[in-house]
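Derivation of every value follows stated rules applied to the coordinates shown; laboratory data play no part. Nothing here was measured: the structure is a model prediction, and the numbers come from that model. As a convention, Cβ positions derive from the backbone with ideal geometry for all residues, glycine included, and neighbour counts pool all protein chains shown.
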Amino acid sequence: MRAYILRRLAQSVLVVWAVTTIMFFMFRVMPADPTAILLERGLSDEARLALMEEWGLTGSLWDQYVAYLGNIAQGDFGNSFFYRKPVWDVLFPLIVNTLWIAIPGLLMGAALGAAIGTAVGWAPRGGKLERSGIFLATVIRGVPNFVIGIALLTVFSSTLGWFPGFGMGDPGATTGFARYFTLDFLHHLALPLIAVTIYFLPENLLLMRSGVVENRTEDYIELVRAKGVPQRRVAWHAARNSMLPLITWLFPALAETIAGIVVIEIVFSWPGVGRELVLAVTRQDYPLAQAAFFLLAVMIVLANLAADLAYGKLDPRVVYK
Amino acid sequence: MTQATDDTAIRGRGLFSAMRDSVRLLMTDSFAVIGLLILGLFVLLALIGPWLAPYEPFKAMMTETGRLNRLAPPSAEHLLGTTAFGNDVLSQFLYGFRIALIVGLVAAVAVGFISTVFGVLSGYFGGYVDDVLMRLTDIALSIPTLPFAIVAVALLGPSIENIILVITILFWRNGARIIRSAVLTERERIYVKWARAAGASHAHIILRHILPNIVRIVFLWVTMSVAFAILTEASLSFLGLGDPTVVSWGQMLNIAFSSGNLRTAWWWVVPPSLALVLLVSSLYLIGRAYEEQTNPRLRRR
């Protein structure tokens with residue numbers, strides 16, 4: 001077990017290194033003039049040269065690569081052009097904001113999806129409930145998340161005026177950590193959270209339904225039924241055994257959410273990492289864009305690591321080697 | 001065992017007849033038929049859309065008094081009204097079909113081809129090729145898709161060619177893995193061993209035994225790739241990173257959103273949203289039919 005964890009950790013470090021190398025190519029090699037995107041315009045020649053030295057933009061490509069890895073290993077991503085402060089000062093407070101909609105949204109989507117998916121999977125095959133459930137889930141799965149966002153925004157915010165559709169709090173609201181526990185915050189949280197939930201619900205529903213359909217013909221279900229257990233409880237047996245793939249799916253899904261949530265953060269002007277990435281790219285604030293991309297990639301690596309470790313804990317049949 | 005069955009077992013199956021079979025299979029699934037009908041309509045509109053469009057998509061409409069005809073609700077002259085910049089919504093909407101079709105089609109061909117080649121080589125020959133490919137996809141899978149697309153398109157420049165290139169780079173990996181594992185199971189089947197023993201070449205086995213049997217999985221993956229490609233292009237355009245010179249539905253929504261006209265100009269927002277939903281859903285409906293068929297435990301018993 002320990003050997004497995006160590007090997008998985010080493011693998012994760014390797015993947016992070018590979019992502020950094022890809023970033024090096026994207027930000028340093030691919031652009032015609034990397035100094036133009038990494039150094040601010042309008043610097044004096046000396047200041048420019050000094051910065052190029054500091055950033056390792058001089059010398060051969062290999063020297064540049066080594067300097068680049070060195071900077072990243074030290075967590076040095078430089079300063080944001082736009083905010084004029086270190087990129088991490090900009091990004092760290094945003095991580096919590098992203099997780100605030102990603103994790104509860106994913107869990108709600110999974111819970112609702114599992115509940116409805118069990119009902120659909122347990123329903124008679126080819127019946128009305130099964131067919132309409134599958135049809136609706138497949139269609140809703142095809143709704144792009146910005147369309148979900150736009151629809152929620154138009155109906156519940158601009159037309160009905162039930163929820164605010166912009167940002168995390170009204171002007172003059174509580175700031176700092178305490179803000180996460182105000183009604184105003186929850187009010188702002190509602191729509192983006194619902195958007196993430198709707199985005200994940202259909203996939204969970206279909207996954208759960210497949211699991212229940214596969215399990216309902218197993219022998220143990222016959223046995224439970226033969227014992228005279230009520231239908232509802234029998235369905236619960238099948239559902240419980242179908243949850244394993246759902247739970248292990250949650251971690252990679254979390255990674256995918258953090259990456260895909262970008263669009264929802266933009267629609268609701270939710271100050272998260274993804275929105276900052278888009279803003280940084282449109283403002284040509286490349287140090288910030290680079291750091292935000294790196295942060296998202298590391299989050300994905302960590303989520304996958306957690307998934308692999310949790311899988312073994314949940315399924316005793318998995319043998320670590 | 002008769003001589004005849006022995007022969008077919010060794011000769012295998014034509015790739016085209018396998019493809020025909022898997023298309024015929026779709027016809028038995030009513031949801032997939034709905035998907036195919038919608039898809040067919042969309043392809044048709046993509047082909048003839050620009051001829052149907054009454055105006056140039058980026059042409060600014062003027063009122064009789066010579067002012068910009070902005071945010072006009074639907075009328076006989078502009079069936080779907082105009083945008084905040086006086087463009088005819090119907091014309092933009094109709095041009096949008098073409099770009100969605102191009103993105104989907106190119107991605108399908110590129111991703112389908114690359115994934116299949118890598119998946120088959122890696123799964124069939126195993127060994128060194130397989131190791132390299134698996135490490136490569138391990139890494140590729142930990143790249144956040146949309147953020148990568150955002151950064152890459154911003155750095156390469158927002159043209160439709162670059163967007164398709166980035167989509168291809170992003171989505172070949174999943175397909176290669178799925179096809180590889182399908183090939184791995186096929187390779188171990190007894191008939192492959194027979195064919196080998198009877199002296200069939202690797203090319204023969206791949207083309208006439210392996211490929212015909214994984215056609216459904218390849219089709220499933222291609223269908224999903226088209227959906228992902230269209231969604232990615234739409235998301236990029238919605239974020240304002242699309243090709244500014246071509247009209248796409250994502251771009252229409254981006255402009256409606258960023259100019260603050262979501263609520264007032266429903267005629268501008270609803271058509272592109274609805275088209276995207278219909279197109280992607282129809283692909284998922286088709287994909288689902290293959291999913292049910294490739295997973296034997298889901299087949300009706």
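Please report the relative contact order for chain B, taking Cα pairs under 8 Å with a sequence separation of at least 6, and give it as a percent rounded to a whole number.
For chain B, the relative contact order is 27 percent.
Taking the dipole about the Cα centre of the protein assembly as shown, with the C-beta of Lys and Arg at +1 and of Asp and Glu at -1, give me whichever of B:N213, B:S159, B:L52 is farthest to the positive side.
B:N213
Taking 7 Å along the Cα-to-C-beta vector as the label spot, tell me the B:D131-B:R196 distance in nanometres, rounded to one decimal.
With each label point 7 Å from Cα toward Cβ, the separation is 2.0 nm.
Would you mind computing Rg(Cα) / (2.2 N^0.38 Å) for segment B:219-290, counting N as its residues?
1.21
Using the Cα centre of chain B as the reference point, and only Cβ charges (+1 on K/R, -1 on D/E), how large is the resulting charge dipole? Debye, rounded to the nearest 20.
900
If you take the beta carbon distance between A:Y83 and A:S269 as r and set R0 to 25 Å, what does 1/(1 + (r/R0)^6) give as a FRET efficiency, to the nearest 0.05?
According to the calculation, E is roughly 0.90.
What does the structure give for B:185-194 when I average, per residue, the other chain Cβ atoms found within 10 Å of the residue Cβ?
That works out to 0 on average.
May I ask you to evaluate 6.51 cos²θ - 1.76 cosθ + 1.60, the Karplus curve with θ = phi - 60°, for each residue of segment A:85-102 and list the ³J(HN,Hα) values in order in whole Hz, giving x for glycine and proline?
Per-residue couplings from phi come out as 8, x, 4, 5, 4, 7, 7, 4, x, 7, 4, 4, 4, 5, 5, 4, 9, 5 Hz.
What is the magnitude of the charge dipole of the protein assembly as shown about its Cα centre, with +1 placed on the Cβ of each Lys and Arg, -1 on the Cβ of each Asp and Glu, and no other charges, expressed in debye to the nearest 20?
It comes to approximately 2460 debye.
Could you state, as a whole-number percent, how many of the C-alpha pairs of the protein assembly as shown are farther apart than 31 Å?
For the protein assembly as shown, the share of Cα pairs beyond 31 Å comes to 58 percent.
Tell me the mean residue ellipticity at 222 nm calculated for chain B from its helices only (DSSP H runs of n ≥ 4, each -39500 (n - 2.57), averaged over every residue, nearest 500).
Taken over chain B, the calculation gives -24500 deg cm²/dmol.
For chain B, what are the DSSP H helices with axial Cα length of 15 Å or more and mean Kyte-Doolittle hydropathy of at least 1.0?
The answer, listed by residue number, is B:30-52, B:89-125, B:145-156, B:211-238.
How much length is gained on full extension from A:T159 to A:T282, taking 0.36 nm per residue of separation minus their Cα-Cα distance?
Extra length from A:T159 to A:T282 when fully extended: 41.3 nm.
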